[in-house]
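Single-structure report; data block below.
The values are calculated or read from the model by the stated rules, or taken from the named source; none is laboratory data. Being a predicted model, the structure only gives us computed values, none of them experimental. We work out accessible area using only protein heavy atoms, side chains counted, and drop any ligands, DNA or RNA first. Shrake-Rupley method; radii C 1.70, N 1.55, O 1.52, S 1.80 Å.
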Amino acid sequence: MRVFVLLFNAGTDNEGIHSIRVGDRNTIMMFESEDDATRFALMLEAQDFPTPTVEGMDDQDIIDFCKSADFGWELVPENSNTVVTPPKQNVEETDWKPESQTQNNYDNYSSQSEEQQMSDSELDSFRRRLEGLL
């Protein structure tokens with residue numbers, strides 16, 4: 001099934017997917033309706049979030065990504081009587097940076113301790129899974 005998700009910096013090396021915090025877990029919202037996803041994106045923008053891009057993807061690709069990243073997922077039905085709104089509080093720091101702040105991302109990654117870095121094969125595997133979502 002085709003669903004719509006919100007991406008930040010879509011198509012870049014610094015791409016991020018929008019998630020909400022449910023308890024202690026990040027959860028990706030999968031919208032059945034592109035209009036509902038666009039409405040949600042506009043509400044985020046009204047909260048001074050960077051403007052997300054609404055992207056259509058296969059729901060199984062998103063679910064597979066969520067399982068591999070230990071994220072939850074929630075399907076927002078198209079003909080829901082409830083309007084989904086973003087939480088009033090947002091996290092202070094995201095795992096991705098707005099495009100204007102990405103120039104030193106590689107340097108920051110390279111300076112992490114050896115324990116925190118992924119092996120090249122793990123990184124390549126993760127990159128292939130993310131590219132598969134596109």
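Rounded to the nearest whole Å², what accessible area per residue is found for the stretch 7-60 with the 1.4 Å probe?
On the way: 2730 Å² over 54 residues.
It amounts to 51 Å² per residue over the stretch 7-60.
Considering amide H positions built from the backbone, and no H for Pro or chain starts, which residues 5 or more places from Leu75, or on another chain, come under 5 Å of its amide H?
Long-range HN contacts for Leu75: Met30.
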